[in-house]
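This report concerns only the one structure given below.
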Amino acid sequence: MQTRRFTQALGMTLAVMRMLKGRHDISSRTTPRAPRTQTLHIPYARRTNMKRVSLWMLGIGVCITVGLITVQHGYAGEENDGPTCTLKTLKGRYLFGGIATLLPPRVPEQSLLSIAGYHVFNGDGTGIDVVTASINGMNVFNNNEFDITYKVNPDCSGTYTVLADGVSFGLFIAPDGEELIVIGTDPGFVLVQGPNRRVSRK
């Protein structure tokens, strides 16, 4: 009798243990485990290469920045360094020639002026024109010499005037003084000459 009771108790104990074990297995399968913290180990050589790449990229960035600043300063310098002319820029002998149209009130009726010669600018605001000219095919000047005065602006524009009859012309001068363009500015005088090149500095 006692042996039977012991056997029954032992069986119940084993059953309870199996039940508890089953619950533990189910809990283990359904409850996720907290992830373990993993440490990323980067080889020393790779870390060194990464540092070199970073320094290289930083160097490129600095060079680009310095280059842009230099270019900006360069453009600013170019904008400030415009052409500057003086009376001395216009010095020497310049050949000229062309055909102009004369209109009233300069002449009684429309006429054609053929003209050739040379300017001599002295570099001090004075000079001479040596001129041969004809109007409507009739010669009116033959190597005649006329005194002139001229002005030059810093932007390389200017004017010159023939003192004998007060005729004035506009000037546009190359910054190095090697060429100039002449345009008639008085009423009744339609003329554009040039570019007229400097052929001598005297």
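Rule-based calculations on the coordinates, nothing more; no lab input. None of the values given here were measured: they were computed from a predicted structure. Cβ placement follows ideal geometry from the backbone for every residue including glycine, while neighbour counts extend to all protein chains displayed.
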- Considering only residues that are more than 44 Å from the chain's Cα centre (by Cα) and among the hydrophobic types (A, V, I, L, M, F, W, C), look in region 106-133 and name the one that is nearest to Leu95 (Cα to Cα). Ala133
- Message: List pairs: first residue in region 190-202 and over 27 Å from Pro104 (Cα atoms), second residue small (Gly, Ala, Ser) and part of a strand (DSSP E or B) anywhere in the structure, Cβ distance under 6 angstrom, at least six positions apart or on different chains.
- Response: Arg198/Gly92; Ser200/Gly92; Arg201/Gly92
- Which condition breaks for Gly177 when tested against (1) buried (at least 16 other Cβ atoms within 10 Å of the Cβ); (2) without any contact (Cβ under 8 Å) to a residue 40 or more places away in the chain; (3) not basic (Lys, Arg)? (2)
- Given (1) in a loop (DSSP other than H, G, I, E, B); (2) without any contact (Cβ under 8 Å) to a residue 60 or more places away in the chain, Pro105 misses just (2)
- Enumeration of residues in region 150-171 that are within 17 Å of Tyr94 (Cα to Cα) and out of contact with any Cys (no Cβ under 9 Å at 6 or more places or on another chain): Tyr150, Lys151, Thr159, Tyr160, Thr161, Val162, Phe169, Gly170
- Message: The conditions are (1) of a type outside the set (Phe, Trp, Tyr); (2) surrounded by 14 or more Cβ atoms within 10 Å (Cβ to Cβ); (3) assigned to a loop (DSSP other than H, G, I, E, B), and Val131 fails exactly one of them. Which is it?
- Response: (3)
